[in-house]
């Protein structure tokens with residue numbers, strides 16, 4: 001039996017007795033089995049060692065200066081690199097690539113060992129080859145596995161590993177199996193990425209900057225720029241050209257407070273539009289076993305980010321609305337009206353218009369209720385909150401309650417312009433107002449959703465999603481399903 005397979009069997013036996021407790025985050029007594037070795041006593045090495053100790057492993061640190069290497073977790077032992085390597089078969093390399101030189105000198109001591117490379121670089125393409133491949137060339141007698149490099153010291157210290165993935169790659173299946181057993185015991189889900197040639201991809205993962213946010217941010221910035229300049233032309237420039245009024249002071253608050261709710265409503269509708277499109281595609285194809293177009297897949301994967309950005313714009317709208325009464329222009333207008341009434345000894349009578357009162361109150365109520373549901377959707381999208389919900393509860397909030405939120409917010413916009421749609425003065429320079437443009441996409445989504453809720457349509461769609469196929473579609477999907485058997 002090889003060292004790697006022996007280590008895998010020992011780890012497997014320990015995992016059967018202690019794995020569930022560790023995955024739940026509870027500290028367990030130290031195991032008396034073969035220890036695991038950690039090269040490096042920095043933040044990552046100490047955090048990893050502490051976590052391994054909590055999961056019942058014995059931990060030995062390898063250091064250049066074992067007597068003065070700094071504080072190590074209670075229960076661990078610090079030895080020289082050579083002595084630490086002799087005491088364990090599984091060695092975690094928590095040092096930078098620049099310090100790999102000592103490993104080449106230790107090649108005889110690392111013969112037959114499993115080396116887990118946790119290193120990352122400061123930027124992509126920093127070195128001509130991957131760190132793990134470089135390490136394998138330095139120590140050809142060892143089995144190098146790239147993995148755990150996507151975990152931070154902070155996550156290890158706080159035990160925030162539940163649900164996180166551990167990406168592994170390596171040329172030795174036995175070595176990957178041994179590392180996988182340790183990862184499972186730490187509470188991680190393991191994803192095998194193949195041979196060691198995939199290590200470059202794993203090393204680039206931590207260097208990605210919000211990859212799922214690029215498309216949503218681009219959409220948000222594009223919508224903001226479009227509506228901002230549209231309203232700037234309609235409100236500010238139009239007033240200056242046609243009436244000679246300089247109301248440029250509205251750019252900072254009034255104009256922004258019109259753009260934020262518009263972008264928020266459009267972004268919210270874009271969260272539910274891809275789901276509606278996907279449903280109609282399945283109805284047209286008569287099967288659920290054919291892939292959606294790539295653009296639709298990408299759109300559906302970033303719906304959470306689009307929704308959170310929509311919630312952010314809604315928050316800005318709420319904050320800007322609250323500060324309107326303290327603006328200089330508003331205060332000056334109110335004070336001037338009071339002074340005029342005092343000078344003229346005349347009070348402006350209050351004319352009660354029941355229709356206007358109902359419209360105003362309905363507008364505010366729908367805005368408050370829509371914002372409340374907005375926040376509820378945002379909270380349930382958080383992993384810590386969503387994990388406490390069953391799938392049915394999560395689906396009810398994000399789908400059914402989400403469409404209700406979209407309906408309420410859309411009604412909020414319709415009531416805002418209920419008596420302005422047919423007025424000629426509304427279309428300055430023959431351009432529609434921003435609130436009218438922003439109602440197009442959510443209205444389309446709601447109409448399509450109503451069509452999908454019709455009993456005849458909903459019944460067919462439900463059957464398709466349960467696996468039923470039309471005869472013509474079944475013939476086209478047979479090769480696809482055969483390839484996945």
Is there any pair linking a residue in the range 338-363 that is more than 27 Å from residue 415 (Cα to Cα) to one that is in a helix (DSSP H, G or I) and at pLDDT 75 or above, with Cβ under 9 Å and at least six apart or on different chains, and which? 346/340; 347/341
Taking the condition assigned by TED's automatic domain parsing to the domain that holds residue 371, at pLDDT 90 or above and either under 30 Å from residue 359 (Cβ atoms) or surrounded by fewer than 12 Cβ atoms within 10 Å (Cβ to Cβ) (or both), does residue 479 pass? no
Could you tell me which of the residues 82, 88, 78 is in a helix (DSSP H, G or I), in the same structural domain as residue 170 (by TED's automatic domain parsing) and either closer than 19 Å to residue 167 by Cβ or without any contact (Cβ under 8 Å) to a residue 60 or more places away in the chain (or both)? 82
Which pairs turn up if I take residues in the range 100-114 that are in the same structural domain as residue 84 (by TED's automatic domain parsing) and look for partners that are modelled with pLDDT under 90 and crowded, with 18+ Cβ neighbours inside 10 Å with beta carbon separation below 6 Å, at least 6 apart in sequence or on another chain? 112/3; 114/4
Tell me, please, whether a residue that is in contact (Cβ under 8 Å) with a residue 24 or more places away in the chain and more than 30 Å from residue 229 (Cα to Cα) can be found in the range 382-393. yes
Tell me, which helices (runs of 4 or more DSSP H) wholly within the range 336-430 include 3 or more residues that are surrounded by 14 or more Cβ atoms within 10 Å (Cβ to Cβ)? 354-380, 401-416
Conditions: (1) surrounded by fewer than 16 Cβ atoms within 10 Å (Cβ to Cβ); (2) touching a helix residue (DSSP H, G or I) at 6+ places or on another chain (Cβ under 7 Å); (3) assigned to a loop (DSSP other than H, G, I, E, B). Residue 324 meets all but one. Number of the miss? (3)
Members of the range 56-72 found to be out of contact with any strand residue (DSSP E or B) (no Cβ under 7 Å at 6 or more places or on another chain) and buried (at least 20 other Cβ atoms within 10 Å of the Cβ), listed by number: 56
Within the range 431-447, how many residues turn out to be surrounded by fewer than 17 Cβ atoms within 10 Å (Cβ to Cβ) and either part of a helix (DSSP H, G or I) or not assigned by TED's automatic domain parsing to the domain that holds residue 238 (or both)? 5
Tell me, yes or no, whether the range 65-73 has at least one residue that is free of Cβ contacts under 8 Å to residues at least 24 places away in the same chain and either assigned to a strand (DSSP E or B) or in contact with a helix residue (DSSP H, G or I) (Cβ under 9 Å, 6 or more places away or on another chain) (or both). yes
Would you confirm whether any residue within the range 154-167 is part of a strand (DSSP E or B), at pLDDT 90 or above and on the phi < 0 side of the Ramachandran plot? yes
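Scanning the range 122-132 for residues that are in contact with a helix residue (DSSP H, G or I) (Cβ under 6 Å, 6 or more places away or on another chain) and at pLDDT 90 or above, which turns out surrounded by the most Cβ atoms within 10 Å (Cβ to Cβ)? Working first, answer last.
If we filter the range 122-132 for residues that are in contact with a helix residue (DSSP H, G or I) (Cβ under 6 Å, 6 or more places away or on another chain), which is where we start, we get 124, 130-132.
Filter once more, keeping what is at pLDDT 90 or above: 130-132.
Values: 130: 24, 131: 25, 132: 28.
Looking at the filtered set, the residue picked out is 132.
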Yes or no: the range 204-216 includes at least one residue that is surrounded by 15 or more Cβ atoms within 10 Å (Cβ to Cβ), over 30 Å from residue 410 (Cα atoms) and at pLDDT below 90. yes
Would you be able to tell me the number of residues in the range 438-460 that are more than 29 Å from the chain's Cα centre (by Cα), closer than 24 Å to residue 405 by Cβ and touching a residue at least 12 places away in the same chain (Cβ under 8 Å)? 1
Helices (runs of 4 or more DSSP H) contained entirely in the range 199-307, each with at least 1 residues that are in contact (Cβ under 8 Å) with a residue 24 or more places away in the chain and under 20 Å from the mean Cα position of the chain (by Cα): 199-204, 214-231, 254-285, 294-301
Of the numbered conditions (1) at pLDDT 90 or above; (2) in the same structural domain as residue 371 (by TED's automatic domain parsing), residue 249 satisfies every one except a single condition; which is it? (1)
Criterion (modelled with pLDDT under 50, farther than 28 Å from residue 200 by Cα and outside any helix (DSSP H, G or I)) met by exactly one of 13, 21, 1: 1
When you scan the range 41-59, do you find a residue that is within 24 Å of residue 206 (Cα to Cα), free of Cβ contacts under 8 Å to residues at least 12 places away in the same chain and in the same structural domain as residue 167 (by TED's automatic domain parsing), even just one? no
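The values are calculated or read from the model by the stated rules, or taken from the named source; none is laboratory data. Remember, it's a predicted structure, so these values are computed and weren't measured experimentally. All Cβ positions, even for glycine, are placed from backbone atoms using ideal geometry, and neighbour counts span all protein chains on display.
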